[in-house]
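Notes follow the structure.
The values are calculated or read from the model by the stated rules, or taken from the named source; none is laboratory data. Note that this is a predicted model, so its numbers are computed, not measured. Note that each Cβ is placed from the backbone with ideal geometry, even for glycine, and that neighbours are counted across all protein chains shown. Only protein heavy atoms, including side chains, enter the accessible area calculation; ligands, DNA and RNA are left aside. Shrake-Rupley method; radii C 1.70, N 1.55, O 1.52, S 1.80 Å.
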Amino acid sequence: MCALVNSAPPHMSNPLKDKPIPPYMKFIVAVVCAIFAWAVFLEYRPAPVGVDAGFKNLLVVTFDTTRADRIGAYGYPKAKTPNLDRMAKEGVLFERCLAVAPITLPSHTSILTGLYPYNHGARNNGTHHVPDEIETLAETLSANGFATGATVSALVLDSRYGLDQGFDHYDDNLANATKAPMFMFRETKALDTSKRAVRWLQDRGDERWFMWVHFFDPHANYDPPEEFAMADPYDGEISYADAGLGELMSALNSMGKLDQTLVVMTADHGDSMGEHGESTHGMFVYDATTRVPLLMRHPSLAQGMRVPDAISSVDIVPTALDLLDIPATISFDGVSTADAIRQGEDGRVVRPPVYQEAMNPYYNHGWSDLRALRDNGKRYVRAPREELYDLFRDGRELNNLLPGAEAQAETYQTQLGMMLSAGELDARGDDIRSMDPDMREALAEMGYVWSSDTEVAEDDAVLKDPKDMAHMWERSQMANQLVRADRLEEAESMLRSVLAEDPDSASSASALVGILMKTEREDEALEILRQSVNGRGVRNGTFVRLA
């Protein structure tokens, strides 16, 4: 534009050439050109990231078992979640964040690696672990000079399961913990967890740091402290965890570090609360157990932005690394949302459908696993009886469009097949496939397990659909509650009825063996163990118990 001032076609006269340009005109032209150049620079320059933009530290807070639709900022009028609601006003809220699995270890591993479960291998609670070769967010940041700390609140995230990789400080000390009656996990409470976390933060000085804090409170059983009691105890537990988050934010503010810290809050999964015949979680991949909150706060992010598009928990790591200006050393399954959520952006994210899975039905009960894809409008579930839901018209996923929508389902089937075509990592640490060879051979000689030169294979029978077995899952959980209440006779009766209908349920068989041993009926316990080692879901612990 500026060059046109002194140019003209050769066949025309140029009055500017014959007449000197007044100095004020030169000044005006220079100013206009400078403004234009500056506007172009602002339009296309990379947004500031890293320490220079105030992204010095990273705090990731995970609430266990927290549905997005039970938080005030997500539209729940009964919620008492002032700290989460403030985060939403001061930062970015993702309306459709989807967890990769409805249980704790697989989901947290995806949150902290940016990988789907079939690429990180931690597929189930208790039976699996995070392999050493998987790079965690803590390892990446530690290699870039960050101090790294974690405080967790439940045994299911104990360091034995491998998520401590890369953390200088991994506080899984549950000395103050109690045991929940339903799932029997040991857990500490929110304010105890926040106090432990704050102690680590107070020692950080001026170094860059990353901290992960895990609040277990919203997990069943729902029993909030009296001051957080509400009409719905589950809401009270979420409110209590919110108070724990508030303690962390207040401590950072008093240390002058809050606005230097990218704060990320999410949940590992939700809770069915009775939907689809499931009282808690672990069995299904519907929105009830997989649509979770995701909030990000930092002064450089848009304030009050709501991102409408479906994203995954695996998107957290690439987003955080981009904002911290830390180069990634691996390829992620997730995508970065950093460019969409800064001030002045539109908050739209384009990504492939989100992958989800439920492996608990297979590993703990011998039923079929579930694989799913979820985008903005639909969810496809691969199961013995496939499912497809229109989430705009059927938000609670009650009207399966299959059979009848095969053409729509085929697109998702193809995408799912492409995702899994390269193979799947399955880091089962409590399974005959990963057993020490000498131990496996010795057990084989005893007749309790396949010999080392025999192929371990599943039979070709069609596995049971979890949709048909949800009532069994509910009864087994109820039996565990009876055991905790020392109502052993009732628990035994219920477990025997479960095993009569579902003899492959390793978890129910294990619970019954525990009752028999406690009541000094070792011979019968021994017989059940001998039978159970040939069923699906057998674990090393079963063999050790048998021995």
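Assorted remarks:
- Filter result for the condition that a residue is within 30 Å of Gln202 (Cβ to Cβ) and aliphatic (A, V, I, L, M), over Leu98, Leu155: Leu155
- Taking the range 179-296 as the region of interest, the helices (runs of 4 or more DSSP H) fully inside it that hold 1 or more residues being aromatic (Phe, Trp, Tyr) and open to solvent by less than 10 Å² (accessible area, probe 1.4 Å) are 233-254.
- If you go through the range 457-480 and keep only what is surrounded by fewer than 19 Cβ atoms within 10 Å (Cβ to Cβ) and at pLDDT below 85, you end up with Ala457, Glu458, Asp459, Asp460, Ala461, Val462, Gln477.
- Helices (runs of 4 or more DSSP H) contained in the range 80-146 and holding at least 1 residues in contact with a strand residue (DSSP E or B) (Cβ under 8 Å, 6 or more places away or on another chain), within 22 Å of Leu245 (Cβ to Cβ) and of a type in the set (S, T, N, Q): 104-111
- Sole exception among (1) open to solvent by 40 Å² or more (accessible area, probe 1.4 Å); (2) part of a helix (DSSP H, G or I) for Asp164, by number: (2)
- Residue in the range 39-53 that is surrounded by 14 or more Cβ atoms within 10 Å (Cβ to Cβ), closer than 27 Å to Glu345 by Cβ and modelled with pLDDT of 95 or more present: no
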